[in-house]
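Report on the following structure.
The values are calculated or read from the model by the stated rules, or taken from the named source; none is laboratory data. Keep in mind that what you see is a predicted model, and the values were worked out from it rather than measured. Positions of Cβ are generated from backbone atoms using ideal geometry, with glycine treated the same way; all protein chains shown enter the neighbour counts. Heavy atoms of the whole protein, side chains included, go into the accessibility calculation; ligands, DNA and RNA do not. Shrake-Rupley method; radii C 1.70, N 1.55, O 1.52, S 1.80 Å.
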Amino acid sequence: MGTHPWRLAGGILRGAPRHLRRGQVRGADLLTVDVVGARPHLAIGDRLRIQSTDDDTGLAEVVSVGPTSARTVVFGATASIAEGLPVEVIPRVGLRIGQRWRGRVIDPLGNPMDGKGPLLSGQQARPTRAAAPNAAQRQRLGPPIGVGVRVIDAFCTMREGQRLGLFAASGIGKSTLLATMARAASFDTVVLALIGERGRELREFIEDDLGPEGLARSVVVCATSDASAAMRREAGYASLAVAEYFRDSGQRVLLLLDSVTRFALACREIGLAAGEPPATRGYPPSVFRELPALLERAGPGGPGSGSITALLTVLVEGDDHDEPIADAVRGILDGHVVLERRIAEAGRFPAVEVLRSLSRSVPGCLTADQAGLARRARRLLALRDDVADLVRLGAYRPGTDPETDAALRLAPRIEAMLHQARGDVSTLDQAFNGLAEALADAPA
């Protein structure tokens, strides 16, 4: 599926200008390489080229600086790195992103993985690390925008430029849900970041779930689970750089990042290797600095630019929605959608738990009729859940409470409207029309 990241053919290393700053390897382990002798001294974020014992060339990044040495993380493997090998400091040249990147699958360093030949790049390199737009100058959220999924469009309606989290344990259908959103007609370009995914699933996802039509307007940035921590972390930054390129050209961009948790795990590996103390459940403090630095880059741009509407998945360990990463991300984003295993096991896709999901932009984007429909549907579903145990035990007698009777009668209609076959892409209007039909004779 592409060039091994250690070789970097056609990527960041080849074509980088030579530089006179040199050093040498003092020591290495499975993740890091210690470098000494570089003058002037190295700084955090510097990129290095290491010449290994088998004549291969590797890329590394400085993550910690001490009084006598600098610690780096490598983008490939450290198996062939030995003490005394030469090291050369190179500029961080960034990614030369172009419009013709759409339809391509790349690694975080800009190397093609799809076997379709070299990328047709743009003229100017963009850094993968960048600041978010000025908070006082970036545009406000845009109008309501459909993401192709009825349950999200109706109950967690998004606005253009909003960031929404998909919180779920593994195996509940997050990837399939993302593929459905990638085919939504509301966006000009889709940037799909697959971080820490199983390698065997990449082609299945692209060919079966995304399909030729979805891929044609998408850029897929992939770092599989066997990639180094530096490569997995870089996948998050590279995907934002690609999305920002298309946003700055005035396009409406949909960023799908799967998953923020695996990005955070890569940051944890790097932070611990750099010598940071483990803090909250083993996560060093730098992880909670990296998360907002990454996620705040999504959203509306400055005057005259487009927008990045972001949907980001969060893996909740053991269905614990209060674990550190989920809790931190929920506080950064503009809403959250919770996927429940019990709903998936009951056969409904997508397995969204409506009563635990919300969009913080809903009050400013729905009409009075739409807001009323969503509010009534939530009330009926909540009432149905409250009496579910009584109904199973036969302790509730029909006719006791008219509103409860209505909830038991209408909740199956709402559930049927929420069910969406894989590959079925809806619109915002279809979502609310379907909800109106389900609540046609609901009490006011």
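Taking into account only those residues within the stretch 48-60 that are within 33 Å of the chain's Cα centre (by Cα) and surrounded by fewer than 19 Cβ atoms within 10 Å (Cβ to Cβ), which is modelled with the highest pLDDT?
T57
Within the stretch 83-118, take every residue that is aliphatic (A, V, I, L, M) and in a loop (DSSP other than H, G, I, E, B) and give me the one that is most open to solvent (accessible area, probe 1.4 Å). Explain how you work it out, then say what you get.
Filtering the stretch 83-118 for residues aliphatic (A, V, I, L, M) gives 85, 87, 89-90, 93, 95, 97, 105-106, 109, 113.
Imposing the further condition that a residue be in a loop (DSSP other than H, G, I, E, B) reduces the set to 85, 93, 97, 109, 113.
Working: L85: 25, V93: 51, I97: 3, L109: 4, M113: 31 Å².
In this case the residue turns out to be V93.
In the stretch 272-313, which residue that is among the hydroxyl-bearing types (S, T, Y) and in contact (Cβ under 8 Å) with a residue 40 or more places away in the chain is nearest to V63 (Cα to Cα)?
Y283
Is it the case that some residue within the stretch 355-364 is more than 24 Å from the chain's Cα centre (by Cα) and either modelled with pLDDT under 90 or assigned to a loop (DSSP other than H, G, I, E, B) (or both)?
yes
Residues to consider are S175, S121, S170, S80; find the one that is open to solvent by 10 Å² or more (accessible area, probe 1.4 Å), small (G, A, S), under 26 Å from L311 (Cβ atoms) and not in a helix (DSSP H, G or I).
S170
If L315 satisfies all but one of (1) closer than 27 Å to V242 by Cα; (2) modelled with pLDDT of 90 or more; (3) buried (at least 20 other Cβ atoms within 10 Å of the Cβ), what's the number of the condition it fails?
(2)
Quick one: how many residues across the stretch 133-156 are touching a residue at least 12 places away in the same chain (Cβ under 8 Å), open to solvent by 40 Å² or more (accessible area, probe 1.4 Å) and part of a loop (DSSP other than H, G, I, E, B)?
Counting residues in the stretch 133-156 that are touching a residue at least 12 places away in the same chain (Cβ under 8 Å), open to solvent by 40 Å² or more (accessible area, probe 1.4 Å) and part of a loop (DSSP other than H, G, I, E, B) gives 7.
For the stretch 23-47, name all the residues that are open to solvent by 40 Å² or more (accessible area, probe 1.4 Å) and at positive phi.
Scanning the stretch 23-47 gives a single hit, G37.
Scan the stretch 333-342 and tell me whether some residue there is charged (D, E, K, R) and open to solvent by less than 10 Å² (accessible area, probe 1.4 Å). Please lay out each step first, then the result.
From the stretch 333-342, those charged (D, E, K, R) are 334, 340-342; that's our starting set.
With the extra rule that they be open to solvent by less than 10 Å² (accessible area, probe 1.4 Å), the set shrinks to none.
Within the stretch 333-342 (the criterion being charged (D, E, K, R) and open to solvent by less than 10 Å² (accessible area, probe 1.4 Å)), the answer is no, since none of the residues qualifies.
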